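K.L.:
Following this message is one structure expressed as structure tokens.
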Amino acid sequence: MEHHPKQPERGRRHFLKRLLLGSMGIAAAALLYPLLRFTGFTVKPKPRYIIVRKDIAVGGSYTEHDFILFMFEHGPMAVSRRCTHLGCRVNHRKELDLIECPCHQSRFTLAGERISGPAEKNLPVYPVRILEDENGKVNGYEVTI
Ligand code: FES
């Protein structure tokens with residue numbers, strides 16, 4: 001049987017080469033991650049489609065976990081419940097005809113426009129699709145968040 005004295009040496013070199021490449025990859029990721037975060041690079045999350053099985057009358061509303069769906073004269077509108085200040089869940093204050101954050105009392109119109117408080121931005125608004133049955137009667141809404 002023939003003996004190959006160089007065989008283990010080649011294996012060790014190959015292993016060291018891979019180890020070095022792996023370390024360089026980790027170092028590059030460690031350097032790039034803060035840089036990408038600093039430049040504001042983000043991966044957009046996939047949209048979620050939420051079905052609300054109701055027929056909301058004009059002037060009415062429906063509160064979901066992530067949004068409030070209002071029915072205005074011109075149609076439905078879904079406003080995010082995530083406060084643009086620090087992210088608390090906002091509430092529809094029907095008696096005041098506005099949206100208010102329970103944490104630091106930022107206030108918004110029913111269309112999500114900022115009125116007052118520490119929040120500086122409007123609440124995001126989500127697209128709404130009206131759903132109808134086979135007779136053309138409204139039987140729900142699809143909100144894309
Ligand atoms: S989190 Fe809403 S006002 Fe501060």
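The values are calculated or read from the model by the stated rules, or taken from the named source; none is laboratory data. Worth saying up front: this structure is predicted, and the values here are computed from it rather than measured. All Cβ positions, even for glycine, are placed from backbone atoms using ideal geometry, and neighbour counts span all protein chains on display.
K.L.:
Can you confirm whether the stretch 41-53 contains a residue that is touching a strand residue (DSSP E or B) at 6+ places or on another chain (Cβ under 8 Å), farther than 28 Å from Ala119 by Cβ and surrounded by 10 or more Cβ atoms within 10 Å (Cβ to Cβ)?
P.N.:
The answer is yes; a qualifying residue exists.
K.L.:
May I pose another question? Within the stretch 95-136, how many residues are without any contact (Cβ under 8 Å) to a residue 12 or more places away in the chain and part of a loop (DSSP other than H, G, I, E, B)?
P.N.:
Residues in the stretch 95-136 being without any contact (Cβ under 8 Å) to a residue 12 or more places away in the chain and part of a loop (DSSP other than H, G, I, E, B): 8 in total.
K.L.:
I want to confirm something. Restricting to the stretch 83-92 and keeping residues that are surrounded by fewer than 17 Cβ atoms within 10 Å (Cβ to Cβ) and in a strand (DSSP E or B), which single residue is nearest to the ligand (Cβ to nearest atom)?
P.N.:
Result: Arg89.
K.L.:
Scan the stretch 67-77 and tell me whether some residue there is at pLDDT 90 or above, assigned to a loop (DSSP other than H, G, I, E, B) and loosely packed, with under 10 Cβ neighbours inside 10 Å. Give the steps one after another, and end with the answer.
P.N.:
First, pick out the residues of the stretch 67-77 that are at pLDDT 90 or above: 67-77.
From what is left, the residues that are assigned to a loop (DSSP other than H, G, I, E, B) are 73-74.
Subset that is loosely packed, with under 10 Cβ neighbours inside 10 Å: 73-74.
Yes, some residue in the stretch 67-77 is at pLDDT 90 or above, assigned to a loop (DSSP other than H, G, I, E, B) and loosely packed, with under 10 Cβ neighbours inside 10 Å.
K.L.:
In addition: Do we find that Leu36 is more than 21 Å from the chain's Cα centre (by Cα) and farther than 30 Å from Asn139 by Cβ in this structure?
P.N.:
no
K.L.:
Would you pick out the residues in the stretch 61-82 that are out of contact with any His (no Cβ under 9 Å at 6 or more places or on another chain) and away from the ligand (no atom under 16 Å from the Cβ)?
P.N.:
Passing the criteria: Tyr62, Glu64, His65, Leu69, Met71, Phe72, Glu73, His74, Gly75, Pro76, Met77, Ala78.
Results for (1) surrounded by 10 or more Cβ atoms within 10 Å (Cβ to Cβ); (2) within 13 Å of the ligand (Cβ to nearest atom); (3) at positive phi, shown as yes or no for each residue.
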| position | (1), (2), (3) |
| --- | --- |
| Asp55 | yes, no, no |
| Gly59 | no, no, yes |
| Cys103 | yes, yes, no |
| Gly140 | yes, no, yes |
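K.L.:
Would you mind finding the one in Glu95, Glu113 that is surrounded by fewer than 13 Cβ atoms within 10 Å (Cβ to Cβ) and assigned by TED's automatic domain parsing to the domain that holds Tyr62?
P.N.:
Answer to the selection: Glu95.
K.L.:
Need the failing condition index for Val58 against (1) among the β-branched types (Val, Ile, Thr); (2) more than 15 Å from Arg114 (Cα to Cα); (3) not in a loop (DSSP other than H, G, I, E, B), just the number.
P.N.:
(3)
K.L.:
Still on this model: Being in a strand (DSSP E or B) and among the hydroxyl-bearing types (Ser, Thr, Tyr) is the requirement here; does Tyr33 meet it?
P.N.:
So Tyr33 fails the test.
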